[in-house]
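Okay, so here's the structure we're looking at.
The values are calculated or read from the model by the stated rules, or taken from the named source; none is laboratory data. Just so we're clear, the structure is a prediction, and the values are computed from it rather than from any experiment. Please note: Cβ atoms are built from the backbone with ideal geometry, for glycine as well, and neighbour counts cover all protein chains shown. Remember, those area values only see protein heavy atoms, side chains included, never the ligands or the DNA or RNA. Shrake-Rupley method; radii C 1.70, N 1.55, O 1.52, S 1.80 Å.
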Number of protein chains: 2
Amino acid sequence: MPHPSYDADVRRVAWMMADAARKVILPYFRGSDLATENKLAGGYDPVTLADRAAEQVMREILAVERPDDAILGEEFGIKTGTSGLTWVLDPIDGTRGFVSGTPTWGVLIALSDADGPFYGIIDQPYIGERFEGGPEGASLAGPLGERALQTLAPRDLTQAIILTTFPEVGMQTDHDGFHAVASKAQLTRYGMDCYAYALLAAGQVDLVIEAGLQAYDIQAPIAVVRAAGGIVTDWRGGPVHDGGRALAAANPEIHAQALAILQKY
Amino acid sequence: MPHPSYDADVRRVAWMMADAARKVILPYFRGSDLATENKLAGGYDPVTLADRAAEQVMREILAVERPDDAILGEEFGIKTGTSGLTWVLDPIDGTRGFVSGTPTWGVLIALSDADGPFYGIIDQPYIGERFEGGPEGASLAGPLGERALQTLAPRDLTQAIILTTFPEVGMQTDHDGFHAVASKAQLTRYGMDCYAYALLAAGQVDLVIEAGLQAYDIQAPIAVVRAAGGIVTDWRGGPVHDGGRALAAANPEIHAQALAILQKY
């Protein structure tokens, strides 16, 4: 369906940013000169030079191409704007996966208005995959070519595949809620970061359940999953574009089954 | 170092098999016509048409190119030979990852004599990555080109990254042993299947610890990791090429640190 703030320029600039981020990040991936630092004292949250360099190059593109839009980025915070639109950027979602060499981290780019994201990209530079969703639909451009994305048709939770990033999930209550759903499902897989939402949009899995998210972690996934036919809410059924606990589902039926369990936690 | 049974023909035939397996498998990956079946009644062990078709095509190549060698394959069992060499094949290692759409499954090809594997390939067809190890060294041919593989230099377990497939790992005692090591490490990531060993060989992580393995799951990883400078044993420090519980390490120092814990389990 159309969106009042979406036109071809949104896609042009988003692809320009994703292309630039790929070029900046790839020399650091699996390189021997990877410089990481601890962002949180006492915790393990590696931030790579690639992370900062990629957000910088995306901000430089926006400064030229879309100077009136606001920016919310993981590394460099908020830049205010006048258009009512905000680009929400996570240059490397899944930094732990990145430093481990796994190919399931991604560059997240979303465009939002007051109602949340209406366009998004999940880009995996190493594989060369771009999952995109917006008013014109959802699609994947990857090593096997281009194709439309469509979430799975309903099947019971006992047949469902669930993805998440860590078995710990978040706080203890988040952990308990997640495992209450996972224990009823057919299969649970870990370690996917933003790639989990891409696989949900691609019709490979039924549910993605996470906790402790920031706005920049979830806005691009929301846009891609919705455009492919899915639903993304918090664990109470409300909006999750400001972050928190996410329940992303392939269809309303499986969303309702998972929500009935999660809303007790 | 040289090996009496290794020559250029081994590599030629192994690459021919890996190329053929890629071609057979890829049309099924993320396809809508994926036919799975339950191999174990009551359990969830999906076997795809791709799995069987890929092993079949590899066996056909061996029948023509290396008729005197034995074959041990996941899908079609043992074919005896007269050369004293055995090709050990797992056409899709990580079938759960495959049906979930994750790009961390692989085609495993190894060549063994009575002492175990001395040549191996871990191939990821979707990304287009081939990790190879043998008497001539270890290398990766992938989307960013070709390069030699070298495991990480020693660092303490408290700085180490550990990979495995499931947080459950295996039996309860396997689970306890794994988590006794993981609780001392910097970072643990799940969901990688054979790709974990490829990342160990590539110098991205320090340890891979798994349990419940079959010979065809571990022989190609052993060859690749050893050729890159690493060590692969069971949890007692002995050979693991017949399967069981695997401890794969980047160097002798981190292997000793992990083994000191695991051998209590």
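Some notes on this structure:
- The test for being buried (at least 22 other Cβ atoms within 10 Å of the Cβ) and either facing another protein chain (nearest Cβ under 9 Å) or more than 28 Å from residue B:113 (Cα to Cα) (or both) holds for residue B:198.
- Qualifying residue in segment B:57-78 (condition: within 14 Å of chain A (Cβ to nearest Cβ), farther than 22 Å from residue B:6 by Cβ and under 15 Å from the mean Cα position of the chain (by Cα)): no
- Number of positions in segment B:9-46 that are farther than 19 Å from residue B:91 by Cβ and either modelled with pLDDT under 95 or touching a Pro at 6+ places or on another chain (Cβ under 6 Å) (or both): 4
- Residue satisfying all of: in segment A:152-169; within 17 Å of residue A:259 (Cα to Cα) and open to solvent by less than 70 Å² (accessible area, probe 1.4 Å); farthest from the chain's Cα centre (by Cα) among these: A:156
- Qualifying residue in segment B:125-140 (condition: within 11 Å of chain A (Cβ to nearest Cβ) and polar (S, T, N, Q)): no
- The requirement of being of a type in the set (S, T, N, Q) and within 30 Å of residue A:12 (Cα to Cα) is not satisfied by residue A:172.
- Count of segment A:128-151 residues which are outside any strand (DSSP E or B) and either open to solvent by 40 Å² or more (accessible area, probe 1.4 Å) or under 28 Å from residue A:245 (Cβ atoms) (or both): 7
- Looking only at segment B:83-116, and only at residues there that are within 14 Å of another protein chain (Cβ to nearest Cβ) and of a type in the set (S, T, N, Q), the one that is surrounded by the most Cβ atoms within 10 Å (Cβ to Cβ): B:104
- Restricting A:243, A:212, A:238, A:229 to those that are open to solvent by 10 Å² or more (accessible area, probe 1.4 Å), under 16 Å from residue A:131 (Cα atoms) and of a type outside the set (Ser, Thr, Tyr) reduces the list to A:229.
- The C-beta contact set for segment B:173-202 (first residue farther than 17 Å from residue A:168 by Cα, second residue among the acidic types (Asp, Glu), distance under 6 angstrom, 6+ apart or interchain) comprises B:193/B:93; B:194/B:93.
- Subset tally (residues that are under 27 Å from residue B:123 (Cβ atoms) and either assigned by TED's automatic domain parsing to the domain that holds residue B:106 or assigned to a helix (DSSP H, G or I) (or both)) for segment B:163-193: 1
- Matching strands (runs of 3 or more DSSP E) fully within segment B:196-265 where at least 3 residues are closer than 21 Å to residue B:148 by Cβ: none
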